[in-house]
Amino acid sequence: MEITEKDIKHLASLSRLEFSDDEIEKFSSEFASIIDYVNQLQRVDTTNVADKTPIREFEELRDDIIKPSLPNEKIIENAPKKYDGYFVAPTVVE
């Protein structure tokens, strides 16, 4: 798969990043190298390789301990914006 400069510019715009033409050219060759390497890894025969997933059957977890929490008023007292006992945050998705 070839990564073109158009692809890099598209990714940059999605990420809200700006790159110079030299950086875009450099990134397209670096991404191409990364994709070539991933393609090499996909061709490796792993049929006789044992699964290395950690076994979590015997993992010991700590007991849950219920502790009192801070009152809501104390939590939001230093918030830059608040309304009716809640934090006010800027809209991210319209």
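Here is a yes/no grid of residues against (1) among the hydrophobic types (A, V, I, L, M, F, W, C); (2) modelled with pLDDT under 90:
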residue: ILE24; (1), (2): yes, no
residue: ALA32; (1), (2): yes, yes
residue: ILE35; (1), (2): yes, no
residue: VAL49; (1), (2): yes, yes
residue: LYS52; (1), (2): no, yes
residue: ARG56; (1), (2): no, yes
residue: GLU60; (1), (2): no, yes
residue: ILE65; (1), (2): yes, no
For this session: Kindly indicate the residue of the range 40-71 that is under 27 Å from the mean Cα position of the chain (by Cα) and acidic (Asp, Glu) and also most open to solvent (accessible area, probe 1.4 Å) among those meeting that condition.
Result: ASP51
Exercise. Within the bounds of the range 72-86, is there any residue that is β-branched (Val, Ile, Thr), open to solvent by less than 100 Å² (accessible area, probe 1.4 Å) and within 23 Å of the chain's Cα centre (by Cα)?
Worked result: no
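Take the range 1-37 and flag every residue that is among the hydrophobic types (A, V, I, L, M, F, W, C), more than 20 Å from the chain's Cα centre (by Cα) and open to solvent by 100 Å² or more (accessible area, probe 1.4 Å). Spell out the reasoning first.
Looking only at the range 1-37, we keep the residues that are among the hydrophobic types (A, V, I, L, M, F, W, C), and these are 1, 3, 8, 11-12, 14, 17, 19, 24, 27, 31-32, 34-35.
Narrowing the set further to residues that are more than 20 Å from the chain's Cα centre (by Cα) leaves 1, 3, 19, 24, 32.
Scanning the range 1-37 gives a single hit, MET1.
The values are calculated or read from the model by the stated rules, or taken from the named source; none is laboratory data. Please read these numbers as outputs of a predicted model, since none were measured by experiment. Surface accessibility is based on the protein's heavy atoms, side chains included, excluding ligands, DNA and RNA. Shrake-Rupley method; radii C 1.70, N 1.55, O 1.52, S 1.80 Å.
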